[in-house]
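The values are calculated or read from the model by the stated rules, or taken from the named source; none is laboratory data. Everything numeric in this text was worked out from a predicted model, so none of it was measured. Every residue, glycine among them, receives a Cβ derived from its backbone with ideal geometry; neighbour counts consider all protein chains shown.
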Ligand SMILES: [Zn+2]
């Protein structure tokens with residue numbers, strides 16, 4: 001009898017072992033690892049003349065960052081075409097973006113979809129963070145959150161992406177992510193978000209109002225309808241909550257993420273957030289990948305049908321960035337506010353096990369600027385200030401000589417004190433700064449001039465104004481730029497009245 005029990009136990013253990021190994025293998029094979037991804041891209045590339053690949057950079061651990069470039073001609077050379085950049089997996093534990101990007105690549109190469117490339121060139125970077133992906137970890141190998149790194153650009157992965165953007169000045173960008181709705185806080189609340197694919201547009205008030213309007217009234221409804229038609233629950237990206245504890249908004253207005261860092265250069269720019277598995281890895285990966293792909297494909301279809309209007313608006317707004325108009329302003333402090341609407345938020349009820357709708361009273365969909373800075377003609381950075389010049393170079397800021405046809409005025413900020421301020425739960429530095437005329441002998445050779453009339457003009461002002469709650473001084477790396485009782489090192493150059 002003992003023997004029979006022992007044998008039975010052995011079978012049970014073996015069976016358990018087999019199941020564990022099998023499930024793990026199954027899960028692993030469902031997610032494309034780095035090496036397999038390179039092979040898949042190579043084999044797609046060799047199958048079709050529409051696709052060329054480019055290595056746009058390397059990760060911290062030396063893995064290649066690859067862009068798949070789809071074009072019916074020579075990529076990026078035909079100005080009549082709208083250029084689209086889709087990038088995924090900045091966060092390594094959001095696996096479905098990469099898988100969806102691979103599905104999209106196959107979709108684009110199917111004969112019936114190739115008409116899309118008549119008026120568009122499409123670049124897809126399926127994996128911005130391969131090191132994080134291999135470890136199924138959010139951050140890169142330097143422990144940096146890449147999607148908070150687009151202003152300071154300290155990481156090779158974000159540097160590569162912005163360098164690639166600059167090469168082609170894409171008119172449309174989409175940053176693909178996943179969100180996780182399974183927190184204890186929401187469980188306690190009794191509900192959780194259950195949207196398969198959420199979509200977000202830009203919210204920073206210095207991004208073209210016209211592009212934001214076109215996103216919110218036309219592009220997002222089009223993409224969401226397509227997703228619903230294909231069997232995926234879709235809604236506008238609504239971080240925050242649970243209701244009653246925290247308000248609901250449309251994500252941050254900070255320009256340090258993928259969506260807004262390209263948006264602030266007046267791109268038609270979006271974020272897509274699929275829903276992660278409870279294991280934050282491979283659970284339900286085929287469905288998640290398909291949802292991501294359908295969202296990306298719907299954006300491409302929308303751009304294909306509205307290419308002329310999008311391209312024209314983007315170009316007009318970009319031209320305005322080159323206009324040194326004295327009335328130009330950028331928002332350096334803003335808050336989320338209500339517009340009186342009550343949000344009907346789709347949620348999953350833990351109690352009933354079904355989807356339901358909850359009315360959210362504290363809904364703040366509008367970003368209102370509370371402090372604007374007038375744009376100067378440009379900023380002067382002392383040549384001796386290594387960290388600021390390194391930053392300007394990483395951002396690829398254009399330098400020029402000081403304008404010789406205007407009578408110029410030089411001002412700089414005196415920092416009386418450094419306070420802190422609570423902006424929607426984020427405590428950030430708040431210098432008491434007073435703008436004063438520059439009284440020392442001005443030696444032009446001691447400074448590098450960065451004119452505001454460039455594609456990154458708005459970004460530069462938001463980064464360099466010391467009172468900006470999105471500025472460089474809010475990052476530990478640059479906090480030493482603020483010294484109480486001293487002048488801020490950057491000089492504002494304006495035209496004398
Ligand atoms: Zn993410």
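Things to note:
- Any hit, the stretch 84-93, residues being assigned by TED's automatic domain parsing to the domain that holds residue 173, in contact (Cβ under 8 Å) with a residue 12 or more places away in the chain, buried (at least 17 other Cβ atoms within 10 Å of the Cβ) and more than 16 Å from the ligand (Cβ to nearest atom): yes
- Hey, residue 36 closer than 14 Å to residue 99 by Cβ and either free of Cβ contacts under 8 Å to residues at least 24 places away in the same chain or not in a helix (DSSP H, G or I) (or both) or not: yes
- Within the stretch 55-77, tally of residues that are under 28 Å from residue 119 (Cβ atoms) and surrounded by fewer than 15 Cβ atoms within 10 Å (Cβ to Cβ): 4
- Filtered residues of the stretch 333-375 (kept if touching a helix residue (DSSP H, G or I) at 6+ places or on another chain (Cβ under 8 Å) and surrounded by 17 or more Cβ atoms within 10 Å (Cβ to Cβ)): 373, 375
- Matching entry among 296, 280 (being within 16 Å of the ligand (Cβ to nearest atom), modelled with pLDDT of 95 or more, in a loop (DSSP other than H, G, I, E, B) and within 26 Å of the chain's Cα centre (by Cα)): 280
- Lone qualifier among 110, 138 - being surrounded by fewer than 24 Cβ atoms within 10 Å (Cβ to Cβ) and within 16 Å of the ligand (Cβ to nearest atom): 138
- Cβ pairs under 7 Å, 6+ apart, first in the stretch 165-183 and more than 20 Å from residue 212 (Cβ to Cβ) and assigned by TED's automatic domain parsing to the domain that holds residue 54, second within 15 Å of the ligand (Cβ to nearest atom) and in a loop (DSSP other than H, G, I, E, B): 178/94; 178/276; 179/276; 180/276; 180/280
- Residue match in the stretch 293-300 (condition: free of Cβ contacts under 8 Å to residues at least 60 places away in the same chain and under 30 Å from residue 108 (Cα atoms)): no
- Selection within the stretch 154-202 - part of a strand (DSSP E or B) and more than 16 Å from the ligand (Cβ to nearest atom): 172, 191, 192, 201
- Of residues in the stretch 113-135 being within 20 Å of the chain's Cα centre (by Cα) and closer than 14 Å to residue 83 by Cα, the one nearest to the ligand (Cβ to nearest atom): 125
- Condition met for residue 275 (in the same structural domain as residue 169 (by TED's automatic domain parsing), touching a strand residue (DSSP E or B) at 6+ places or on another chain (Cβ under 9 Å), crowded, with 20+ Cβ neighbours inside 10 Å and modelled with pLDDT of 95 or more): yes
- Of the strands (runs of 3 or more DSSP E) contained entirely in the stretch 55-151, those carrying at least 2 residues that are under 29 Å from residue 462 (Cα atoms) fall at 82-88, 120-125.
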